[in-house]
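This report concerns only the one structure given below.
The values are calculated or read from the model by the stated rules, or taken from the named source; none is laboratory data. Just so it is clear, the structure is predicted and the values come from calculations on it, not from any experiment. Backbone-built Cβ (ideal geometry, glycine too); neighbour counts: all protein chains shown.
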Amino acid sequence: MGCLDGSWLLETGKFSDFTIVCQNTEFRVHKAVLYPQSDYFAALFDSNMEVNTTFLVRLSDYRWVLETRSQLTVIRSQEAQKGVVTFDDIDPKIMKHLIDFFYSDYHGFEFDHSELKIHVEVWILADRLQASPAMITIENRLMYHLEEYEEKEAAFYEENILDMVFSHPACAKSAVGKIFAETAWIVFSNEKDECSSHILTSFTKYPDLAREMLLGGAIEFLGCLSLDVDVGEEGYQANISDTFPLIHICGFSVKFARLLPSLHSRYFRGDAEERSRGQEKEAEEQQQQQ
């Protein structure tokens with residue numbers, strides 16, 4: 001029992017006074033540990049084992065709450081009075097990761113790339129259980145992990161990682177969504193074919209991802225303007241138009257139109273040679289038509 005944190009309590013189950021059940025897997029836990037880590041469990045314990053209205057209203061955007069709100073309250077009340085709560089729709093492995101966080105004092109920033117998807121899944125569960133400390137730590141760990149370009153690119157070899165992030169309403173609008181949107185923008189701007197198709201598919205599928213990627217492009221474009229970089233007349237005409245609404249960024253107002261990464265690569269990275277080749281090709285086609 002040489003542990004400096006409370007993980008030995010979880011491992012041994014000693015003095016446990018509450019049980020969490022996920023798909024027939026039981027976790028013997030302690031109210032005193034869960035209470036400060038999760039507003040969901042705090043509300044459960046404070047209200048004599050009954051989920052209160054505030055919790056349900058806060059999650060009213062989620063369909064499963066709207067459809068089962070009254071039934072959920074009754075079931076939770078009956079189960080919790082027995083010192084147990086059951087989640088049939090939660091993967092016990094993901095719950096174990098979150099519970100480990102509750103009991104551990106060490107939350108380092110480094111982790112293996114294979115755990116990237118798990119971090120997103122744990123964040124989503126932490127959001128559901130209103131475990132803000134865990135959510136903030138995961139956000140910081142993701143930001144630290146994705147600092148290097150190699151890790152950014154490798155992130156999109158993870159199957160459905162963008163779908164996982166941006167199909168979840170809260171996750172899409174959170175710091176996690178912003179982190180992955182920025183990562184997607186940077187990788188797509190470097191025209192990695194094996195990653196680009198997946199990113200582009202998600203870009204057209206999820207408005208939150210599209211908005212954050214476009215904002216990333218707008219900020220980079222403003223950076224070019226501040227450095228007096230000549231983006232070219234074609235690039236200017238193709239991407240800035242009076243017919244499109246203003247985007248307000250960092251105190252500037254810019255009329256941004258269809259700044260897609262493909263246009264970004266073509267015009268905003270000074271690819272004058274490509275533009276010149278395109279113009280020559282158009283001239284040749286016109287001569288042939290004549």
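Look at the stretch 32-58: where a residue is closer than 18 Å to Phe87 by Cβ and of a type in the set (Lys, Arg), no partner that is in a helix (DSSP H, G or I) and at pLDDT below 90 sits 6+ places away or on another chain with Cβ atoms under 8 Å. Of everything in the stretch 152-191 that is hydroxyl-bearing (Ser, Thr, Tyr) and outside any loop (DSSP other than H, G, I, E, B), the residue that is surrounded by the fewest Cβ atoms within 10 Å (Cβ to Cβ) is Ser189. Within the stretch 156-166, can one find any residue that is more than 24 Å from Phe101 (Cβ to Cβ), at pLDDT below 90, in contact with a His (Cβ under 8 Å, 6 or more places away or on another chain) and not hydroxyl-bearing (Ser, Thr, Tyr)? Looking for residues that are more than 24 Å from Phe101 (Cβ to Cβ), at pLDDT below 90, in contact with a His (Cβ under 8 Å, 6 or more places away or on another chain) and not hydroxyl-bearing (Ser, Thr, Tyr), one finds at least one in the stretch 156-166, hence yes. Quick check: anything in the stretch 81-104 at pLDDT below 65 and either hydroxyl-bearing (Ser, Thr, Tyr) or over 19 Å from Asn160 (Cα atoms) (or both)? No, there is no match, as no residue in the stretch 81-104 is at pLDDT below 65 and either hydroxyl-bearing (Ser, Thr, Tyr) or over 19 Å from Asn160 (Cα atoms) (or both). For residues that are among the β-branched types (Val, Ile, Thr) and over 14 Å from Ser38 (Cα atoms), scanning just the stretch 111-145, find the one that is surrounded by the most Cβ atoms within 10 Å (Cβ to Cβ). It comes out as Ile138.
In summary, Thr19 fulfils each of the numbered conditions (1) under 17 Å from Gln130 (Cβ atoms); (2) at pLDDT 75 or above; (3) buried (at least 16 other Cβ atoms within 10 Å of the Cβ); (4) not hydrophobic (A, V, I, L, M, F, W, C) with the single exception of condition (1).
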